[in-house]
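What follows draws every value from the coordinates through simple rules; no lab data is involved. Being a predicted model, the structure only gives us computed values, none of them experimental. Reconstructed Cβ throughout: ideal geometry from the backbone, glycine too, with neighbour counts over all protein chains shown.
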Amino acid sequence: MLVNILKELRGPVPRASNLHVKDGIGEEEFVALRRARDATLEMPTLILPAIQVNVRAGQLPPPEANGIAYLRIPPNALPVRR
């Protein structure tokens, strides 16, 4: 929904200037380009909270005894890139 609104405001991105999807790029080349790019990216900051909410179909976890719902973030569960 929001993506569609942004697309309407910005207008379409011409395929010729799109690095990832342009005329003449095949599936293998696209996959190689994306894998090379993705290997340089850090893990998104909010990936763990997003996963926790997504696996619950968009719902927060049940509240604790104090009435507050907490997301559990294990600080040492995933590797940190430096």
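Could you work out the local net charge near Leu71, counting Lys and Arg as +1, Asp and Glu as -1, over the other residues with Cβ closer than 12 Å to its Cβ?
Working: positive: Arg56, Arg72; negative: Glu64.
Net charge in that neighbourhood comes out at +1.
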For the range 36-82, average projected area of the Cα convex hull in nm²: 4.6 nm²
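Can you give me the orientation-averaged projected area of the convex hull built on the Cα atoms of the range 19-61, in nm²?
Values: hull surface 18.1 nm².
Approximately 4.5 nm², given one-decimal rounding.
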